[in-house]
1. At most 16 other Cβ atoms within 10 Å and a DSSP loop assignment: could you name the chymotrypsin sites (Phe, Trp or Tyr not before Pro) in segment 20-101 that fit?
2. Count neighbours as other Cβ atoms within 10 Å of each site's Cβ, and list the trypsin sites (Lys or Arg not before Pro) in segment 36-101 that are DSSP loop with at most 12 such neighbours.
3. Taking segment 38-101, which GluC sites (Glu not before Pro) meet the DSSP loop condition and have no more than 12 other C-beta atoms within 10 Å?
4. For the chain, which whole percent of the accessible surface, found with a 1.4 angstrom probe, sits on carbon and sulfur atoms?
5. Let me have the 222 nm mean residue ellipticity of the chain computed from DSSP H runs of 4+ only, each contributing -39500 (n - 2.57), with the sum over all residues rounded to the nearest 500.
6. Please work out the FRET efficiency for the pair Glu94 and Lys3, using the Cβ-Cβ distance as r and a Förster radius of 35 Å; give the result to the nearest 0.05.
7. Run the numbers for Gln74 and Ile55: contour at 0.36 nm per residue of separation, minus the present Cα-Cα distance, in nm.
8. Provide the per residue accessible area, probe 1.4 Å, for the chain, rounded to a whole number of square angstrom.
Amino acid sequence: MKKPESRLQHSIRLRLQATYGGWWRKIWGGPFQVGGLPDLFGLVDGFFFAFEVKIPGREHKASALQEKELAEIQKSGGYSGVITSFAEAAEVIEAVFGAVG
């Protein structure tokens with residue numbers, strides 16, 4: 001059985017794909033992976049998105065390493081953030097599309 005965070009990541013990824021199209025992937029951590037990478041990556045109409053998914057209402061925060069990776073993505077021209085729902089991811093995406101539309 002999937003953990004709650006894994007189920008949330010999966011449902012958000014499916015809704016992002018259905019709503020915005022593009023390319024969306026979940027990255028599974030492992031011993032040979034760079035630490036701190038966000039949970040979900042997406043590319044839509046040339047815009048790169050990366051989201052760290054946390055369970056709503058819990059005290060779970062992004063680690064310092066995760067925050068560093070999210071900041072590096074933004075510094076490099078991508079859009080990233082910590083989210084707890086599809087709605088929060090959609091806010092980021094809509095803000096990007098609204099700024100260029």
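The values are calculated or read from the model by the stated rules, or taken from the named source; none is laboratory data. Note that this is a predicted model, so its numbers are computed, not measured. As a convention, Cβ positions derive from the backbone with ideal geometry for all residues, glycine included, and neighbour counts pool all protein chains shown. Ligands, DNA and RNA are stripped out before the accessible areas are found, and what is left, the full protein with its side chains, is counted by its heavy atoms. Shrake-Rupley method; radii C 1.70, N 1.55, O 1.52, S 1.80 Å.
1. When the chymotrypsin sites (Phe, Trp or Tyr not before Pro) of segment 20-101 are filtered for loop state and at most 16 Cβ neighbours within 10 Å, Trp28, Phe32 remain.
2. On the way: sites: Lys54, Arg58, Lys61, Lys68, Lys75; in loops: Lys54, Arg58, Lys61.
Taking segment 36-101 and a limit of 12 other Cβ atoms within 10 Å, the loop trypsin sites (Lys or Arg not before Pro) found are Arg58, Lys61.
3. Working: sites: Glu52, Glu59, Glu67, Glu69, Glu72, Glu88, Glu91, Glu94; in loops: Glu59.
When the GluC sites (Glu not before Pro) of segment 38-101 are filtered for loop state and at most 12 Cβ neighbours within 10 Å, Glu59 remain.
4. The computed percentage sits at 57.
5. Details: 3 runs with 44 residues, N = 101.
Taken over the chain, the calculation gives -14000 deg cm²/dmol.
6. Working: r = 29 Å, r/R0 = 0.82.
That gives a FRET efficiency of 0.75.
7. Details: separation 19, 0.36 × 19 = 6.84 nm, distance 2.27 nm.
Contour length minus the Cα-Cα distance gives 4.6 nm.
8. Working: 6150 Å² over 101 residues.
On a per-residue basis, 61 Å².
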